[in-house]
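See below for the structure under consideration.
The values are calculated or read from the model by the stated rules, or taken from the named source; none is laboratory data. Predicted model, so just to flag it, every value in this text is computed and none were measured. With ideal geometry, Cβ positions are generated from the backbone for all residues, glycine too; neighbour counts draw on all protein chains shown.
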Amino acid sequence: MSYENPPGDGGRGPRLVVAEPAGRRSRTLITTLVILGVLLLAFVILTGFWTDLLWYQSVDAQSVFSTTLMTRVGLLIVFGLLMAAIVGLNMWLAYRFRPVFPTMSPEQASLERYRQALAPVRRFLFIAVPGFLGLLAGVSASAEWQTWLEWRNATDFGQTDPQFGLDISFYVFTLPFLRFVLGFLTAAIVLAFLASLVVHYLYSGIRLQPADDRFSRAAQVHLGILAGVFVLLRGVGFWLDRYELSLSTDDFVPGITYKDVNALLPGLTILAIISVVCALLFFASAFRDGFTLAVTGFVLLLGSSIIIGSVYPAFVQNFQVKPTELDRERPYIQRNIDATRASYGLDKVVVTPYAATDAPSEAAIEASKGTIDNIRLLDPAIVSPTFNKLQGIRSNYRFPDSLDVDRYEINDERRGAIIAVRELYLAGLPDSQRNWANNHIFYTHGFGVVAAYDNTANAGGSPAFFESDLPPVGELDVKQPRIYYGEYAPDYSIVGAPEGSAPRELDYPDDNAPDGQAVYTYTGAGGIPIGNPLNKVLFAAKYQDTNILLSDLVNEESKILEVRDPRDRVEKVAPWLTVDGDPYPVVADGRVLWMVDAYTTTNRYPNASSTSLGDATTDALSQRASNLTTQPRTQINYIRNAVKATVDAYDGTVTLYEWDTTDPLLKTWMKVFPNQVKPRASMPQAVLDHVRYPEDIFKVQRLIFARYHVTAPDVFFSGQDFWNVPNDPTRTTTSVAQPPYYLQVQLPGSPAPVFSLTTTYAPQRRDTLAAFMGVNSEPGPDYGTIRVLQLPSQTTIPGPKQVQNNFESDPTVASQLSLLRRGGSDVDLGNLLTLPVAGGVLYVEPVYVRATSGEGFPLLQKVLVGYGSKVAMRDTLQQALSDVFDGVPVTPPDNGNGNGTPTPTPTPTPGEGTAEQRLAQAISDAQVAYAAGQEALKVQDWVAYGQAQADLQTALDAAAAASLELGITTPVTPSPDATPSATPSPGASA
């Protein structure tokens, strides 16, 4: 209390003031802070929940959200209440049957103080402790929502394991759920036992310093029953362990083995029986004096588990299996081979002997014309800078590091293509233009598709585009070229405006527009409305960005576009799928779609070998291309390309199509979400035409097949015939697998070339070629058929590493490469392609030249070719082929308008065309002039030599002028006294 004399009191004198106690003020403050914290947490949870719901509604996938949410909440409630009930009930029983008159020993006198201290909060503790444990258990159980849904909707595989005769679905769906339930019950009993033990001790049911018995009768019964239930659950675990043997990975081959069948399997059965007996002893001891007999049984169980579960199996392995391991393990190796080939879809691989020759006949070359005419000369991992330089247009656009390979109907002919979309790239904007309005309001989308023929190029080596420029022109008839959803799209953009409002989204550069920019207002169906205040608040909180809430650029018709990467959208719509790391753009019916392949996987296929998905799918290309996603390093032993999805690049619509109609995992999830996956037959033909066999599953399959092409247990045991996926020979700094390549391949016996995904194999510890693998990527009855051309085991046909070494060690090739690197230029070696041609193996590697300084970009200039022990590096593919085919002429594909190979883009006349085109033309002219001068020197025609030198100087001057215009301070031009750094394009004349 205190007195105060307030001013203006009229002389009434001081008055008494009662101060609030400090303790009460602090409690009020703490209570306020707790309430505010709870409200903030609730708001954060509500924000995530509500914005997720709005997103799922925007893609018409509410059932995914609701089913997933209800399942997780249901598991949390059921298992949380069950845990709380088990622990709480046992705590109550321990308290309920406490001794009425505890013996007052010194120990109990000490405990009495604790009992008195806990008395006011006893009821709270008896609720709070089970409640807290129940909450933890519920949260843990909610994470098993996929396990629950798979078990509830399980689909039979129609195949049984050879040991127990159970359908594979038991191991994939049922056994994981049983393990989950067993683990939960075991944890609940252990926690209940410990909680009951504490309560019994606190309330004298257990006495450490007894005058008589240590346990009261109630405590003995209670704890004895709990111990018996625990041991009984352990017996159930031993029984389930029998089936887990088919999933073991600790022997020579994964799965069940001789040691498992003859030692562990009977041992686990015995342990399960002993556990039941031991549990019965605990139940009996609960109603008898003491636990001596039960404890003896439990010790026997522990000893038996060590001897039967570890010592005896080790004895069998070391003294029965190892001395005659092959004879003992032969049937189990065969089981592993059969299961592994089936689980990875390799049981129907067609293997054909291929006696590769190095002396092809003219007839054999003609028979391989389908492959030769379609050899891909553009490397999608090399020409991205060229696309960016020639078609990027502005710095806020970009193409991916690795472009995509596809095929299109051009002039009624199927043509291979290198394709990419021109995506929005905010990082390319100058810092002065990076602000919130530009990042999220004005720059919202990319624009257009760029595509080039994959087996030809323009004069000078630039790609021969058949779809290009802004606005787009070309053969693809793109009706909606705007790219709002892509691999480089920003986290979110805000689009839309009331009808009649002036557009403000930057569309594309347009010289005819008043400001040099075409503008646009988004009218698509995608996005989430954020015009109302609630949604503004929620999304401002989600992105921690108050501009969403405060900016007047956000209007009543605004929508927010988020989750814009095609992979992320498919993963969110179908969280039970694993998405391929390389989506690719497709133009279908005038719209740009992203094709996304998705997989079902598991690591519970009995007797099959497992592999790391991340390791298997990592190669030289995935390591360096930012647009390729690395898979997680999860272990799998089953994979299927179950779903093919499309994501509309304009409105973000996600469509899932059933692709593997026999996959039990897909069928199971289609039961869970019955309306989310469309039938395969509903895929539009325009989309179906661009289906291709996905890379990640092929990488997994090729890695597994390197060992499991061996089907004889004896040969598999020796391991002498295993293969390796060769490292990329063009990567000299790292040792990483060569990526597979999409190629048009006409395999022996095939009437026509087929779009295929291909790879090679080398024998272990050798660099020769062991086999060529290709999978049919054309939609149709033969789609997905894997064919392997297996070379004789003693073949001397060089593999990729040897061929690359042959290229660079050949004196003529080495000299040309050295000259190409002079004059301010760098040489990029493209992908080394392996092709079965004319009864042998043909290697083709494009050679690119680019300026070292400035903003140089690769131009296709030479072609390296290897066949057998022969190598050649020439200006054109046909010239190089003729060299390695011992002079047999190779007819170039028709470059007219009649047979499908398009007329190359016309070469500009001197002084015309873009600076890039004039530079390319000047380099080409320099090459021609230099070659003419060399020919004149041979015959000592000095007049012709003088003219050639004059032409060379003219070309050098033109190259210098074009280089300076492009900002290249060191022009990419050859010196007059050196071999030119570039040659005419191999594509146009090829």
Residue satisfying all of: in the stretch 666-685; closer than 21 Å to Arg569 by Cα and either in contact with a Pro (Cβ under 6 Å, 6 or more places away or on another chain) or among the β-branched types (Val, Ile, Thr) (or both); surrounded by the fewest Cβ atoms within 10 Å (Cβ to Cβ) among these
Val672
If I go through the stretch 767-807 residue by residue, how many of them are free of Cβ contacts under 8 Å to residues at least 12 places away in the same chain and over 30 Å from Arg414 (Cβ atoms)?
1
Residue check: is Asp663 crowded, with 19+ Cβ neighbours inside 10 Å and at pLDDT 95 or above?
yes
Quick check: anything in the stretch 160-172 surrounded by fewer than 16 Cβ atoms within 10 Å (Cβ to Cβ) and under 26 Å from Phe79 (Cα atoms)?
no
Restrict the check to the stretch 550-557 and report whether at least one residue is over 25 Å from the mean Cα position of the chain (by Cα) and of a type in the set (Gly, Ala, Ser).
yes
Cβ-Cβ under 7 Å, sequence separation 6+ or interchain: first residue in the stretch 650-675 and closer than 15 Å to Leu577 by Cβ, partner part of a loop (DSSP other than H, G, I, E, B) and hydroxyl-bearing (Ser, Thr, Tyr). Which pairs?
Pro664/Thr155; Lys667/Thr155; Thr668/Thr155
Looking only at the stretch 524-542, filter to residues that are under 31 Å from the mean Cα position of the chain (by Cα) and in a loop (DSSP other than H, G, I, E, B); which one of those is nearest to Phe43 (Cα to Cα)?
Gly527
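Okay, residues lined up against (1) closer than 18 Å to Pro583 by Cα; (2) in contact with a helix residue (DSSP H, G or I) (Cβ under 7 Å, 6 or more places away or on another chain); (3) surrounded by 23 or more Cβ atoms within 10 Å (Cβ to Cβ); (4) outside the structural domain of Val450 (by TED's automatic domain parsing):
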residue	(1), (2), (3), (4)
Gly392	no, no, no, no
Arg407	yes, no, no, no
Asn411	no, no, no, no
Glu423	yes, no, yes, no
Leu426	no, yes, no, no
Out of (1) touching a residue at least 40 places away in the same chain (Cβ under 8 Å); (2) farther than 30 Å from Asp477 by Cβ, what's the single condition that is false for Thr634?
(1)
State which residue is nearest to Thr662 (Cα to Cα) when the search covers only the stretch 155-203 and only residues that are in contact with a Pro (Cβ under 6 Å, 6 or more places away or on another chain) and of a type outside the set (Ser, Thr, Tyr).
Phe157
Kindly indicate which of Gln320, Gln334 is polar (S, T, N, Q), in contact with a Pro (Cβ under 7 Å, 6 or more places away or on another chain) and over 30 Å from Ala451 (Cβ atoms).
Gln334
For the stretch 307-324, how many residues are surrounded by fewer than 17 Cβ atoms within 10 Å (Cβ to Cβ) and either under 17 Å from Leu264 (Cβ atoms) or under 36 Å from the mean Cα position of the chain (by Cα) (or both)?
9
All positions within the stretch 438-478 that are within 20 Å of Arg591 (Cβ to Cβ), assigned to a strand (DSSP E or B) and touching a Lys or Arg at 6+ places or on another chain (Cβ under 9 Å):
Gly446, Phe447, Val449, Val450, Phe466
Collect the residues in the stretch 152-173 that are in contact with a helix residue (DSSP H, G or I) (Cβ under 6 Å, 6 or more places away or on another chain) and not in a loop (DSSP other than H, G, I, E, B), keeping them in residue-number order.
Phe173
Residues in the stretch 551-562: is at least one more than 23 Å from Val643 (Cβ to Cβ), surrounded by fewer than 18 Cβ atoms within 10 Å (Cβ to Cβ), out of contact with any Gly (no Cβ under 7 Å at 6 or more places or on another chain) and of a type outside the set (S, T, N, Q)?
yes
Just one of Ile256, Ile225 is part of a loop (DSSP other than H, G, I, E, B) and in contact (Cβ under 8 Å) with a residue 40 or more places away in the chain; which is it?
Ile256
Selection from the stretch 612-628 of residues crowded, with 20+ Cβ neighbours inside 10 Å and in contact with a strand residue (DSSP E or B) (Cβ under 8 Å, 6 or more places away or on another chain) yields Leu613, Thr618, Asp619, Ala620
Single unsatisfied condition, Asn555 versus (1) part of a loop (DSSP other than H, G, I, E, B); (2) modelled with pLDDT of 95 or more; (3) out of contact with any helix residue (DSSP H, G or I) (no Cβ under 9 Å at 6 or more places or on another chain)
(2)
Quick check, is Trp151 of a type outside the set (S, T, N, Q) and under 22 Å from Leu233 (Cβ atoms)?
yes
The stretch 495-525, subset buried (at least 20 other Cβ atoms within 10 Å of the Cβ) and touching a Leu at 6+ places or on another chain (Cβ under 7 Å), residue nearest to Tyr56 (Cα to Cα)
Val495
Any chance the stretch 350-371 includes a residue that's outside any helix (DSSP H, G or I), within 30 Å of Val837 (Cβ to Cβ) and under 31 Å from the mean Cα position of the chain (by Cα)?
yes
Selection from the stretch 479-510 of residues that are part of a strand (DSSP E or B), under 33 Å from the mean Cα position of the chain (by Cα) and closer than 19 Å to Phe399 by Cα:
Gln480, Arg482, Ile483, Leu506, Asp507, Tyr508
One residue is enough: does the stretch 269-281 have a residue meeting the conditions of a type in the set (S, T, N, Q) and in contact with a strand residue (DSSP E or B) (Cβ under 9 Å, 6 or more places away or on another chain)?
no
Among the listed residues Tyr543, Tyr488, Tyr484, which satisfies the condition of being of a type in the set (Phe, Trp, Tyr) and modelled with pLDDT of 95 or more?
Tyr484
With the condition kept exactly as written, say whether any residue in the stretch 625-635 is of a type in the set (Lys, Arg) and part of a loop (DSSP other than H, G, I, E, B).
yes
If you go through the stretch 938-957, how many residues are aliphatic (A, V, I, L, M), in a helix (DSSP H, G or I) and modelled with pLDDT under 70?
2
Regarding the stretch 750-762, can at least one residue be identified that is in contact with an Asp or Glu (Cβ under 7 Å, 6 or more places away or on another chain) and in a loop (DSSP other than H, G, I, E, B)?
no
Here is a check on your reading of the model: is Val473 touching a strand residue (DSSP E or B) at 6+ places or on another chain (Cβ under 8 Å) and free of Cβ contacts under 8 Å to residues at least 40 places away in the same chain?
yes
How many residues, within the stretch 558-580, are part of a strand (DSSP E or B) and among the aliphatic types (A, V, I, L, M)?
3
